[in-house]
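The structure is given below, and queries will be raised subsequently.
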Amino acid sequence: MTYTIREMKEGDEQGIARVHVDSWNTTYQGIVPQGYLDRLHVKEQEQKWETILREYPGKSNFGVVAVNEASEIVGFAICGQADEKEPVDGELKSIYILENDQQHGIGRVLLRHVLANFHERGWETFMTVALADNPSFPFYKKLNPHYLRLDTWTVDGVELKEWVMAFHVAEVEALLR
């Protein structure tokens, strides 16, 4: 399968919303309470992404999508400036790939585009947040994170642990070569 990576744009909201919801339902099954997953709907996410893309690239956001041969969005990554209270420059806010399109190197390529954007901005460090029980956590672990803290996120009365991790842009770029 061949994939094209391009910058996200208005009109991508439905494809991004589908990836967002489908990824959560396949990745977090048995981790995040089922009631929460059942409440995720593509239409609601589509409205959120429509707002994000209408304001894009405001708020220092940058995002890319992975598109398959059938012109369907199968993955995306979005980043932006980190909150000023964090000890880093940028933040990888989301990176999601449909289950059937995982393990084809899409995540690495999406991340390379994000890192190139950080590099253009002169940002040397970035962070991301990932559930500790995320089955894709090994992806982050290979990038040599500095664990800033373990936060708790409560969903439907269930406490979920999430790692806040920091990375050096140049170091991750070298690891992805």
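Fewest Cβ neighbours within 10 Å first, please rank HIS119, HIS168 accordingly.
HIS119, HIS168
Could you check the simple spin-label distance between LEU150 and ASN25, using points 7 Å along Cα→Cβ, in nm with one decimal?
3.2
Sticking with this structure for a sec: Relative to a virtual label point 7 Å from the Cα of PHE139 in the Cα→beta-carbon direction, which members of the stretch 5-34 show backbone nitrogen distances below 12 Å?
Within reach of a label on PHE139: 20, 23-24, 27-28.
Take every DSSP beta bridge with both residues inside the chain and express the antiparallel ones as a percent of the total, to the nearest 5.
Looking only at bridges with both residues in the chain, the antiparallel portion is about 90 percent.
Among TYR56, TYR96, which comes first, then next, by fewest other beta-carbon atoms within 10 Å?
TYR56, TYR96
A further question on this structure: Go ahead and run the numbers for FRET between MET1 and LYS85, Cβ-Cβ distance against an R0 of 30 Å, rounding to 0.05.
Calculated value: 0.15.
Report, in debye and to the nearest 20, how large the dipole of the chain comes out about its Cα centre when Lys and Arg carry +1 and Asp and Glu carry -1 on their Cβ.
Here the size comes out at about 320 debye.
Treat the count of other C-beta atoms within 10 Å as a stand-in for reagent exposure and order ASP133, ASP101 from fewest to most.
The fewest-first ordering by Cβ neighbours comes to ASP133, ASP101.
So, one more: Using a simple spin-label model with points 7 Å from Cα along the Cα→Cβ vector, what separation in nm is obtained for GLN47 and ALA132?
It is 3.5 nm.
Filter the trypsin sites (Lys or Arg not before Pro) in the stretch 36-109 to those in DSSP coil with at most 11 other Cβ atoms within 10 Å of their Cβ, and list the result.
Answer in residue order: ARG39, LYS59, LYS85.
For the chain, what number of Lys pairs, 8 or more residues apart or on separate chains, have alpha-carbon atoms under 20 Å from each other?
14
Right, here's the next one. Would you be so kind as to identify all helices of the chain, as entire DSSP H runs, whose Cα atoms reach 18 Å or more along the helix's own axis and whose mean Kyte-Doolittle hydropathy is at least -0.5?
106-121
Classify the stretch 1-147 from the C-alpha gyration tensor, please: rounded if a/c falls under 1.5, else prolate or oblate depending on whether a/b exceeds b/c.
Judged from the Cα gyration tensor, the stretch 1-147 comes out rounded (a/c under 1.5).
Here, each number is a calculation from the coordinates, and none is a lab measurement. Note that the structure is predicted; figures quoted are calculated from it, not measured. As a convention, Cβ positions derive from the backbone with ideal geometry for all residues, glycine included, and neighbour counts pool all protein chains shown.
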